[in-house]
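The values are calculated or read from the model by the stated rules, or taken from the named source; none is laboratory data. Everything numeric here is computed off the predicted structure, so don't read it as measured data. Cβ placement follows ideal geometry from the backbone for every residue including glycine, while neighbour counts extend to all protein chains displayed.
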């Protein structure tokens, strides 16, 4: 490889690393809300866990991600959304949100 090839390769690697460093990081706090009120705000457990938010509405975590395991809503979009490592899972018919935050930037409802 020529000197210019090494320069291009090095620049590309630096650019990739820079973009990776700017990617959003996963949070460590799970905030569960129902009807606009915070039901629970906890640090994500390291072991898998489940919570029944209301009858038939179950949230689940694997220690790094969260998902709506089951819901009584008709379209099941919240369940189909699957695992989320950052951001939120929202079930509009049941008015339930599961949000992973870093503990400081939780949305105010």
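Within region 49-80, the residues that satisfy the criterion of being within 14 Å of the chain's Cα centre (by Cα) and closer than 11 Å to residue 96 by Cα are 59, 68, 78.
Among the residues that make up region 12-35, is at least one of them without any contact (Cβ under 8 Å) to a residue 12 or more places away in the chain, surrounded by fewer than 16 Cβ atoms within 10 Å (Cβ to Cβ) and assigned to a loop (DSSP other than H, G, I, E, B)? Yes, region 12-35 contains at least one residue that is without any contact (Cβ under 8 Å) to a residue 12 or more places away in the chain, surrounded by fewer than 16 Cβ atoms within 10 Å (Cβ to Cβ) and assigned to a loop (DSSP other than H, G, I, E, B).
The set of residues in region 63-85 that are over 16 Å from residue 39 (Cβ atoms), surrounded by 15 or more Cβ atoms within 10 Å (Cβ to Cβ) and out of contact with any helix residue (DSSP H, G or I) (no Cβ under 9 Å at 6 or more places or on another chain) comprises 65, 77, 79, 81, 84.
Taken over region 86-109, the residue count meeting the criterion of being under 17 Å from residue 29 (Cβ atoms) and either exposed (fewer than 14 other Cβ atoms within 10 Å of the Cβ) or modelled with pLDDT under 90 (or both) is 12. Pick from region 39-48 the residues that are in contact (Cβ under 8 Å) with a residue 12 or more places away in the chain and assigned to a strand (DSSP E or B): which of them is farthest from residue 101 (Cα to Cα)? Applying the filter and picking the extreme gives 39.
Restricting to region 52-85, give me the number of residues that are in a strand (DSSP E or B) and closer than 15 Å to residue 29 by Cα. Within region 52-85, residues that are in a strand (DSSP E or B) and closer than 15 Å to residue 29 by Cα number 6. Residues considered: 38, 26. Of these, the only one that is closer than 20 Å to residue 92 by Cα and either touching a strand residue (DSSP E or B) at 6+ places or on another chain (Cβ under 7 Å) or at pLDDT below 90 (or both) is 38.
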